[in-house]
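The values are calculated or read from the model by the stated rules, or taken from the named source; none is laboratory data. Because the structure is predicted, anything quoted here is derived from the model rather than measured. Here Cβ is always computed from backbone atoms with ideal geometry, including for glycine, and neighbour counts include all displayed protein chains.
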Amino acid sequence: MNRQALKKLLKDRRALISPETHGLTRPTGRGRRAPGLSQGQVDELLGYSERTYQRLESGNYHHPPVDLLRDVARLYGMNEQEWISLCRYARGEDPPGPLYDTSGHALPAAWADAVVGITHPAYVTDASWNLVTCNDRFHALFDSGRAPVNTMRWMLLDGRDQLIDWATAWAPLVMPQLQAALAQRPDDKVLRQIEADILADPLAQPLYEKGGASIHPDGDERPIRHAVEGQGWVTMCVAQPLAAPGSRCMILVFRPGPRRTGSGPHMLKAQENGMNA
């Protein structure tokens, strides 16, 4: 727990909430003059017992429940980055999921310009793996000349002809990503439909039910047939736009020909004392 940071975050956000917007009155006469809601009014609005919020803001609530933090964050209108900070300050860990169900489906428009400027095939998807933006090099990967509307569906159902060794090199690594996403977003209609279609598919269904633990593709190298350049290997570089939890920016480094020999991806590290290797 970081008490000082927690207190500042909550106090500053509480000061921005006018009691009148929630049908409450600001105390008059002698006493409190601080702006925003009082600590007691937060308890009243959220339905918690007296001084619950005071314990939280002062840092005297050891490992407070996530439900309490979520209620406070939504009352204060926090964004996803503030929500992450709140959980880290109060519990010493990242939140178990996004603050809002709609998070992960809208990104800053600057990502479109950023993706266009990347020299490798690159794209951004939202939390449901719907394509948000991509560059022309990504479009060129596909037989149709156009990127798929949903990359998860393409990898698990529609793109098998291009994904070399799909049943061993792709499906067992991608399906756990879908399962992990649904565990965090069980009401996502797009992902639920993809799951239903997988369970109705005789090739995909047994692989999906087998499950797996690999849910992060960053640094993976997988075989693929490029629509223009032929067979080769694509190395995946993954980043997440911070404003949209669950979204992802993928940069695909394609290399035609056979797989390189080696024991795994090369790992980069910061150089000590600012010296280059």
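Does region 42-52 contain at least one residue that is assigned to a helix (DSSP H, G or I), over 28 Å from the mean Cα position of the chain (by Cα) and within 30 Å of Ala106 (Cβ to Cβ)?
Yes - at least one qualifying residue is present in region 42-52.
Does region 39-51 contain any residue that is touching a residue at least 60 places away in the same chain (Cβ under 8 Å), over 20 Å from Pro241 (Cβ atoms) and out of contact with any Leu (no Cβ under 7 Å at 6 or more places or on another chain)? So that I can check it myself, show each step before the final result.
Let us first name the residues in region 39-51 that are touching a residue at least 60 places away in the same chain (Cβ under 8 Å), namely none.
Scanning region 39-51 turns up no residue that is touching a residue at least 60 places away in the same chain (Cβ under 8 Å), over 20 Å from Pro241 (Cβ atoms) and out of contact with any Leu (no Cβ under 7 Å at 6 or more places or on another chain).
Scanning region 105-134 for residues that are β-branched (Val, Ile, Thr) and buried (at least 17 other Cβ atoms within 10 Å of the Cβ), which turns out nearest to the chain's Cα centre (by Cα)?
Quick first cut of region 105-134, residues β-branched (Val, Ile, Thr) only: 115-116, 118-119, 124-125, 132-133.
Retained after the next criterion (residues that are buried (at least 17 other Cβ atoms within 10 Å of the Cβ)): 115, 118, 124-125, 132-133.
On the way: Val115: 18, Ile118: 21, Val124: 12, Thr125: 10, Val132: 14, Thr133: 16 Å.
Residue satisfying both the conditions and the ranking: Thr125.
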Pairing a residue in region 15-27 that is surrounded by fewer than 12 Cβ atoms within 10 Å (Cβ to Cβ) with any residue that is at pLDDT 90 or above and not in a loop (DSSP other than H, G, I, E, B), where Cβ atoms lie under 7 Å and the two sit 6 or more apart in sequence or on different chains, gives Thr25/Pro19
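Filter region 175-188 down to residues that are in contact (Cβ under 8 Å) with a residue 40 or more places away in the chain and in a helix (DSSP H, G or I) and give me whichever is nearest to Asp158 (Cα to Cα). Talk me through it step by step, then tell me what you get.
Taking region 175-188 and keeping what is in contact (Cβ under 8 Å) with a residue 40 or more places away in the chain, we get 177, 181, 184-185, 187-188.
The next check asks that each one be in a helix (DSSP H, G or I); those that pass are 177, 181, 184.
Numbers: Gln177: 17, Ala181: 20, Gln184: 25 Å.
Ranking the candidates gives Gln177 first.
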Close pairs from region 228-240: first free of Cβ contacts under 8 Å to residues at least 60 places away in the same chain and closer than 14 Å to Trp166 by Cα, partner polar (S, T, N, Q) and surrounded by fewer than 16 Cβ atoms within 10 Å (Cβ to Cβ), Cβ under 9 Å, at least 6 apart = none
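Does His216 count as modelled with pLDDT under 95 and touching a helix residue (DSSP H, G or I) at 6+ places or on another chain (Cβ under 9 Å)? Walk me through how you get there before you give the answer.
On the way: modelled with pLDDT under 95: yes; touching a helix residue (DSSP H, G or I) at 6+ places or on another chain (Cβ under 9 Å): yes.
Yes; evaluated as a whole, the condition is true for this residue.
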Are any residues in region 103-137 within 25 Å of Pro256 (Cα to Cα), of a type in the set (Ser, Thr, Tyr) and in a loop (DSSP other than H, G, I, E, B), and if so, which ones?
-> Thr119
Residue among Arg192, Arg185, Arg137, Arg146 that alone is under 19 Å from the mean Cα position of the chain (by Cα), of a type in the set (Lys, Arg) and at pLDDT 95 or above | Arg192
Considering each residue of region 190-221, count those that are part of a helix (DSSP H, G or I), touching a residue at least 24 places away in the same chain (Cβ under 8 Å) and under 19 Å from Gly104 (Cα atoms), and give that number.
-> 3
Out of all the residues in region 12-22, is one or more part of a helix (DSSP H, G or I), of a type in the set (Ser, Thr, Tyr) and in contact with an Asp or Glu (Cβ under 9 Å, 6 or more places away or on another chain)?
-> no
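Within region 216-239, can you find the residues that are under 25 Å from the mean Cα position of the chain (by Cα) and surrounded by 15 or more Cβ atoms within 10 Å (Cβ to Cβ)? Give the derivation first.
To start, the set of residues in region 216-239 that are under 25 Å from the mean Cα position of the chain (by Cα) comprises 216-222, 234-239.
Selection gives Pro217, Asp220, Glu221, Arg222, Val234, Thr235, Met236, Cys237.
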